[in-house]
Amino acid sequence: MSEVKKTKYFNPYIGGVLLGLVLLAANFVSGRGLGASGAIKSAVVSTVNTVAPTHAENSAFYKNYNETHENPMKSWLVFQMMGVLVGGFLSGAFAKRLKFKVEHSPKITSKRRIIFAILGGMFFGFGSQLGRGCTSGSALSGMAVLSVGGFLTMACIFGTAFALAYFFRKNWI
Amino acid sequence: MAPLIVNEIISPDTNLLIAFLIGIGFGFVLEGSGFSSSRKLAGMFYGYDTTVLKVFFTAAITAMVGMLFFSLFGWIDLDFVYINPTYITSAIVGGVVMGVGFIMGGFCPGTAFCAISIGKLDALAFIGGLTLGIVFFTEGYPLFEEMYKANYLGTPTMNELLDIPRGVFALGLILMAFAMFWVGEWAEKKFPREEY
């Protein structure tokens, strides 16, 4: 375990500078930061509009959203997330990391990993809506523009994860 | 001059194309930094891999300093850059709920998309969970609306809150980040580590 295998990942500080430049470009060109959860929300609203239009008209959240957004899928974040899929795939392809697999600690089964991934996703998805953005949109992008809310959300995300790490250690180490 | 979209230097449709290109850069850097691996991401909370800390804070200070200098040179008007609004209650409760999701699921939304792009099936499950969580919020919105909108402060920035110049706060944050990097390097030496 203590043997360090050679890694093909970027040096984290160089990766950080590159990510910072991407975020700077987003602000320079589009006057906004990066994001992720907002794109899923667009997909959810769009789906509800199509599958249950009456429900969308009568329910407060969708009604507000549709009044302020002409077409939920024609949004900056949706296009950005499509780019993320392409960019991630390209990086994985260059580094020969493309492979279908369920990544988990050797101490747990794939089934347990999947169940926890779904549960974790549910918490994260709900929290991202309440907190007006996730690690990308609220914490990272918010911090870059020195938003008080961004710093607060960042501290709460990482603080909570640290505080609970002990209880979930079997899943990871 | 910038932001280009606000000053109508580019059209709304070009802006979407740029969003796609920026997304490619975002995904490429996330994957290349190892954010497509949940065990690497979770490693941050056990000290065996502090890549997240290093990448996240280096990115935040790079973008922050970049905007500071661009604004100083007159290249960007920060008044037109979106500043995330501050709603104290929802920022705290939302952040705590996300923290629970992070340690259970090992991803955040952006890293999950990055991981699914290289075939991680646990990321696919996480994205399924995200969708359910978001539907839970949008469907139950009337129940959460009060909390969602409570304690609104507008769009204060950290330097305004502390009543110090923007540059001084930036310098302080950079020094704090360096201190955390030092702790991160120390933790990685102390706790056993393997690459995923």
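Laboratory data are not the source of any read-out in this text; all were calculated from the coordinates shown. Everything quoted here is computed from the prediction, not taken from an experiment. Reconstructed Cβ throughout: ideal geometry from the backbone, glycine too, with neighbour counts over all protein chains shown.
Would you pick out the residues in the range B:11-59 that are under 30 Å from A:Lys74 (Cβ atoms) and more than 7 Å from chain A (Cβ to nearest Cβ)?
Of everything in the range B:11-59, those that are under 30 Å from A:Lys74 (Cβ atoms) and more than 7 Å from chain A (Cβ to nearest Cβ) turn out to be B:Ser11, B:Pro12, B:Asp13, B:Thr14, B:Leu17, B:Phe35.
Which condition from (1) within 27 Å of B:Gly47 (Cβ to Cβ); (2) more than 7 Å from chain A (Cβ to nearest Cβ) is the one that B:Pro165 breaks?
(1)
How many residues, within the range B:92-132, are at the interface with chain A (Cβ under 7 Å from one of its Cβ atoms), in a helix (DSSP H, G or I) and among the small types (Gly, Ala, Ser)?
9
Select from the range A:48-104 the residues that are under 20 Å from A:Gly33 (Cα atoms), hydroxyl-bearing (Ser, Thr, Tyr) and either at the interface with chain B (Cβ under 7 Å from one of its Cβ atoms) or part of a loop (DSSP other than H, G, I, E, B) (or both) and list them in ascending order.
A:Ser75
Which one of the conditions (1) among the small types (Gly, Ala, Ser); (2) surrounded by fewer than 22 Cβ atoms within 10 Å (Cβ to Cβ); (3) in contact (Cβ under 8 Å) with a residue 12 or more places away in the chain does B:Gly106 fail to meet, given that it meets all the rest?
Every listed condition holds for B:Gly106 apart from (2).
Only one of (1) part of a helix (DSSP H, G or I); (2) facing another protein chain (nearest Cβ under 8 Å); (3) surrounded by 21 or more Cβ atoms within 10 Å (Cβ to Cβ) fails for A:Gly33. Which number is that?
That leaves (1) as the condition not met.
Quick one: B:Met67 ticks every box in (1) surrounded by 24 or more Cβ atoms within 10 Å (Cβ to Cβ); (2) under 30 Å from A:Ala117 (Cβ atoms); (3) touching a Leu at 6+ places or on another chain (Cβ under 9 Å); (4) within 7 Å of another protein chain (Cβ to nearest Cβ) bar one, so which box is it?
(2)
Identify, by number, the condition in (1) more than 7 Å from chain B (Cβ to nearest Cβ); (2) free of Cβ contacts under 8 Å to residues at least 60 places away in the same chain; (3) more than 18 Å from A:Ser136 (Cβ to Cβ) that A:Ile108 doesn't meet.
The number of the failed condition is (2).
Let's see how each residue does on (1) acidic (Asp, Glu); (2) out of contact with any strand residue (DSSP E or B) (no Cβ under 6 Å at 6 or more places or on another chain); (3) surrounded by 13 or more Cβ atoms within 10 Å (Cβ to Cβ):
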{"site": "B:Asp122", "(1), (2), (3)": "yes, yes, yes"}
{"site": "B:Thr138", "(1), (2), (3)": "no, yes, yes"}
{"site": "B:Glu160", "(1), (2), (3)": "yes, yes, yes"}
{"site": "B:Leu175", "(1), (2), (3)": "no, yes, no"}
{"site": "B:Trp182", "(1), (2), (3)": "no, yes, no"}
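A quick yes/no check of all residues on (1) over 27 Å from A:Ile118 (Cβ atoms); (2) among the small types (Gly, Ala, Ser); (3) touching a Ser or Thr at 6+ places or on another chain (Cβ under 7 Å):
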| site | (1), (2), (3) |
| --- | --- |
| B:Tyr87 | yes, no, no |
| B:Val93 | no, no, no |
| B:Gly105 | no, yes, no |
| B:Phe126 | no, no, no |
| B:Pro142 | no, no, no |
| B:Asp163 | yes, no, no |
| B:Ala170 | yes, yes, no |
| B:Phe178 | yes, no, no |
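Please find, among B:Thr89, B:Thr62, the residue that is under 22 Å from A:Leu19 (Cα atoms) and either in a loop (DSSP other than H, G, I, E, B) or not acidic (Asp, Glu) (or both).
Details: B:Thr89 fails: under 22 Å from A:Leu19 (Cα atoms).
Result of the check over B:Thr89, B:Thr62: B:Thr62.
List the number of the failed condition for B:Ser71; all other conditions in (1) in contact (Cβ under 8 Å) with a residue 24 or more places away in the chain; (2) within 27 Å of B:Leu4 (Cβ to Cβ) hold.
So B:Ser71 meets the others, but not (1).
Hey, among the residues in the range A:105-128 that are part of a helix (DSSP H, G or I) and basic (Lys, Arg), which one's surrounded by the most Cβ atoms within 10 Å (Cβ to Cβ)? Explain how you work it out, then say what you get.
Our first condition is that a residue be part of a helix (DSSP H, G or I); within the range A:105-128, this holds for A:110-128.
Those left that are additionally basic (Lys, Arg): A:111-113.
Numbers: A:Lys111: 10, A:Arg112: 14, A:Arg113: 22.
Per the criteria, the residue is A:Arg113.
For the range A:129-173, what are the residues that are more than 7 Å from chain B (Cβ to nearest Cβ), over 16 Å from the mean Cα position of the chain (by Cα) and surrounded by 24 or more Cβ atoms within 10 Å (Cβ to Cβ)?
Within the range A:129-173, none qualify.
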